[in-house]
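First the structure, in the form of structure tokens, and then the observations on it.
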Ligand code: SF4
Ligand code: SF4
């Protein structure tokens, strides 16, 4: 019985000199390992709003919605931090590899769950025939820059990409009407692009 008592006494003396093993949190921040996977955070400049992070999220924690503000439509990506399991899949599979990071924040408690969100908003491009918003402007520009000279085969990418240089403006949305060859040089959603190509091949298309 004496030996354990002596060992406890030794530990107590060491603790008196070395100080407590526990940390002072929340009085002072704890040491955080570099690899720590904290709060997912969108990087506004790097995210193109493609939505791939939402597709791969195993916890279904990333919601995609659309919102109209004045005459523009925005795609809004929302990470619900109360559903997130902090696995890092969104970071790993991000299309640009830089659109979302996991910072070192871990103290994410809130009183209202609606406040446990991380968001990014991206302006969408509308089809000039049907008016449907079909992709974000930043996503199309990103593809434009990656395709190099091959981009010449796609008018939608050309017009959005050149629009960045302010050489062209998006023509106003039009009523549905007979489409024809001249519609090739417009910003079109995949469905209307297909109809334009079919009309050129097989005759007019309503
Ligand atoms: S760029 Fe990355 S972070 Fe942004 S929407 Fe696409 S996958 Fe998500
Ligand atoms: S860290 Fe994992 S669970 Fe959280 S948003 Fe990203 S993919 Fe989803």
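If I filter segment 99-122 for residues that are modelled with pLDDT of 95 or more, away from ligand 2 (no atom under 14 Å from the Cβ) and crowded, with 20+ Cβ neighbours inside 10 Å, do I get at least one hit? Yes, segment 99-122 contains a residue that is modelled with pLDDT of 95 or more, away from ligand 2 (no atom under 14 Å from the Cβ) and crowded, with 20+ Cβ neighbours inside 10 Å.
Can residue 48 be described as more than 16 Å from ligand 2 (Cβ to nearest atom), over 18 Å from residue 109 (Cβ atoms) and in contact with a helix residue (DSSP H, G or I) (Cβ under 8 Å, 6 or more places away or on another chain)? Judged against the criteria, residue 48 is a match.
Restricting attention to segment 55-95, and to residues there that are assigned to a loop (DSSP other than H, G, I, E, B) and in contact with a helix residue (DSSP H, G or I) (Cβ under 7 Å, 6 or more places away or on another chain), which single residue is farthest from ligand 1 (Cβ to nearest atom)?
The residue in question is 82.
Across segment 55-84, the number of residues qualifying as within 13 Å of residue 118 (Cα to Cα) and under 17 Å from the mean Cα position of the chain (by Cα) comes to 12. Only one entry of 85, 34 meets the criterion of being exposed (fewer than 14 other Cβ atoms within 10 Å of the Cβ), over 27 Å from residue 145 (Cα atoms) and within 8 Å of ligand 2 (Cβ to nearest atom), and that entry is 85.
Name the single residue that is nearest to ligand 1 (Cβ to nearest atom) among those in segment 32-46 being in a loop (DSSP other than H, G, I, E, B) and within 16 Å of residue 85 (Cα to Cα). Only one residue tops the list, namely 39.
Okay, residues lined up against (1) within 16 Å of ligand 1 (Cβ to nearest atom); (2) part of a helix (DSSP H, G or I):
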{"residue": "108", "(1), (2)": "no, no"}
{"residue": "111", "(1), (2)": "no, no"}
{"residue": "125", "(1), (2)": "yes, no"}
{"residue": "130", "(1), (2)": "no, no"}
{"residue": "135", "(1), (2)": "yes, no"}
{"residue": "143", "(1), (2)": "yes, yes"}
{"residue": "152", "(1), (2)": "no, yes"}
{"residue": "156", "(1), (2)": "no, yes"}
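The values are calculated or read from the model by the stated rules, or taken from the named source; none is laboratory data. Just so we're clear, the structure is a prediction, and the values are computed from it rather than from any experiment. So basically every Cβ, Gly included, is an ideal-geometry build from the backbone, and we count neighbours across all protein chains shown.
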